[in-house]
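Down below is the structure, laid out as structure tokens.
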Amino acid sequence: MDSCKEQEQRGFNQAKFVKVLGPIIVGAGPSGLAVAACLYQQGVPSLILEKNDCIASLWQQKTYDRLKLHLPKQFCELPLRGFPDDFPKYPTKGQFISYMESYASHFRIQPKFNQAVKTTEFDHIKGVWRVQTEDLEYHSRWLIVATGENAEPVIPDIVGYDKFKGNILHTSEYKSGSKFKNQRVLVVGCGNSGMEVSLDLCRHNAIPHMVVRNTVHVLPREMFGMSTFGIAMALLKWLPLRLVDKCLLLAANLILGNTDQLGLKRPKTGPIELKNVTGKTPVLDVGALSQIKSGKIKVMEGVKEVTKNGVKFMNGQEKKFESIILATGYKSNVPTWLKGCDFFTKDGMPKTPFPNGWKGENGLYTVGFTRRGLLGTASDAVKIAQDIGDQWKTIKGNDKSCNSHVIILGKPW
């Protein structure tokens with residue numbers, strides 16, 4: 001007699017419809033893994049659909065080699081399982097990936113890879129979510145959107161891109177500055193990625209110019225031997241947010257000096273308040289600022305037009321470049337595949353702000369959209385699992401002949 005696993009695999013190959021007994025989770029990044037682990041602890045099976053061929057594909061395939069966590073590891077842990085004790089304070093890209101792989105293995109999380117979701121809708125007649133991939137349709141009473149805030153690169157619309165003779169790439173394609181030795185490189189964007197890529201280019205003897213289009217908060221990664229973020233979190237337990245922002249900016253000015261003089265003008269709103277309201281993260285400096293002060297990273301104003309051999313800037317300057325790197329961030333892709341749902345904005349973010357944006361109607365949940373990093377992800381994952389777990393306890397399985405999380409169907413049900 002075939003095993004349950006063999007029956008299930010053969011069924012997947014033959015079926016057009018798959019009924020999932022537990023929630024369907026879209027996305028196998030940190031958010032998807034976190035909520036799957038919390039559901040596992042609640043005794044609730046789940047199915048993760050992932051469009052790529054690995055977990056945490058953004059980290060594995062679209063990040064630069066020198067990347068480290070910007071925050072200490074205790075602020076970046078997923079629920080129920082922390083980092084190994086021997087990991088450094090700021091784990092490397094490779095260490096974070098190994099942590100997530102170990103996490104998935106520990107909680108027996110096995111996503112279905114190469115399952116790009118094409119469209120998803122709630123079927124009001126059947127009372128289920130219909131999730132359509134290229135080759136199968138999955139049905140479940142619960143849908144957890146875990147594709148997060150950083151699903152797709154943002155490519156700005158700048159005049160003349162098609163004229164440029166050199167290389168244009170997004171930071172999602174950038175690995176190392178070694179390929180840009182002795183090149184004049186324009187980095188468009190001055191967030192954490194733009195600053196770190198510019199620093200990496202310096203260390204590989206390139207000549208980076210960094211475009212600063214808007215105001216930006218630059219803070220030291222550490223103050224007085226302690227994490228800036230940790231200090232902020234501790235102060236927020238006792239002081240109002242705006243007072244904490246004032247304390248951070250006072251300390252930053254003492255340590256870094258006046259960044260306005262370097263072309264890095266600060267917003268009027270404080271760094272934590274700005275992050276909470278807009279999602280714009282302050283830059284935590286890891287060395288780029290000293291290179292700006294020394295002139296090795298040159299700060300430029302906004303781009304007006306790309307030319308055949310370089311760029312014209314808003315202030316009238318024109319310079320030649322061999323390469324342009326777009327450090328312009330990422331965006332949610334939820335509106336491209338989730339249909340008939342009024343829960344998200346046109347930008348793919350929940351309309352209800354944190355801390356109440358994790359739950360919608362008809363069994364819809366979201367994780368990884370808090371604009372508060374992995375701490376926000378962990379918080380929402382726990383809430384979602386508890387909520388679904390309470391519902392699960394009142395539901396009897398439709399078919400227990402196989403100890404499985406899916407029922408294979410060859411026709412609509």
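Looking across region 29-45 at every residue that is more than 15 Å from His106 (Cα to Cα) and of a type in the set (Gly, Ala, Ser), the one that is surrounded by the most Cβ atoms within 10 Å (Cβ to Cβ) is identified as Ser31.
Of the numbered criteria (1) assigned to a strand (DSSP E or B); (2) farther than 30 Å from Glu305 by Cβ; (3) not polar (S, T, N, Q), the one Leu186 fails is (2). Can you tell me how many residues within region 367-385 are more than 10 Å from the chain's Cα centre (by Cα), of a type in the set (D, E, K, R) and open to solvent by 40 Å² or more (accessible area, probe 1.4 Å)? Qualifying residue count for the region: 2. In the condition set (1) part of a helix (DSSP H, G or I); (2) open to solvent by less than 10 Å² (accessible area, probe 1.4 Å), Val216 is compliant with all but (1). Counting only residues that are surrounded by fewer than 20 Cβ atoms within 10 Å (Cβ to Cβ) and free of Cβ contacts under 8 Å to residues at least 60 places away in the same chain, region 176-185 holds 4 of them. Residue check: Glu149 meets all listed conditions (1) without any contact (Cβ under 8 Å) to a residue 60 or more places away in the chain; (2) closer than 23 Å to Ala36 by Cβ but one, namely (1).
When Asn333 is tested against (1) loosely packed, with under 14 Cβ neighbours inside 10 Å; (2) among the polar types (S, T, N, Q); (3) in contact with a strand residue (DSSP E or B) (Cβ under 6 Å, 6 or more places away or on another chain), just one condition goes unmet, and that condition is (1). Taking region 219-233 as the range and being in a helix (DSSP H, G or I) and crowded, with 17+ Cβ neighbours inside 10 Å as the test, the residues that pass are Thr228, Phe229, Ile231, Ala232.
Listed by first and then second residue, the pairs with beta-carbon distance under 9 Å, at least 6 apart or on different chains, first residue in region 161-173 and free of Cβ contacts under 8 Å to residues at least 40 places away in the same chain, second open to solvent by 20 Å² or more (accessible area, probe 1.4 Å), form an empty list. Among the residues of region 293-350, those identified as of a type in the set (Ser, Thr, Tyr), under 24 Å from the mean Cα position of the chain (by Cα) and under 26 Å from Leu264 (Cβ atoms) are Thr328, Tyr330. So for region 186-198 (the condition being at pLDDT 95 or above, more than 18 Å from Tyr330 (Cα to Cα), open to solvent by 10 Å² or more (accessible area, probe 1.4 Å) and not small (Gly, Ala, Ser)), does at least one residue qualify? No, the conditions are met nowhere in region 186-198. Scanning region 342-366 for residues that are open to solvent by less than 80 Å² (accessible area, probe 1.4 Å) and part of a loop (DSSP other than H, G, I, E, B) returns Phe343, Thr345, Gly348, Met349, Thr352, Phe354, Pro355, Gly357, Trp358, Gly360, Asn362, Gly363. Against the test of being of a type outside the set (Gly, Ala, Ser) and within 28 Å of Thr63 (Cα to Cα), the options Lys339, Lys331, Lys312, Lys351 yield a single qualifying residue, Lys331.
The values are calculated or read from the model by the stated rules, or taken from the named source; none is laboratory data. Keep in mind that what you see is a predicted model, and the values were worked out from it rather than measured. Please note: Cβ atoms are built from the backbone with ideal geometry, for glycine as well, and neighbour counts cover all protein chains shown. Areas reflect the complete protein model, heavy atoms only, side chains present, ligands, DNA and RNA absent. Shrake-Rupley method; radii C 1.70, N 1.55, O 1.52, S 1.80 Å.
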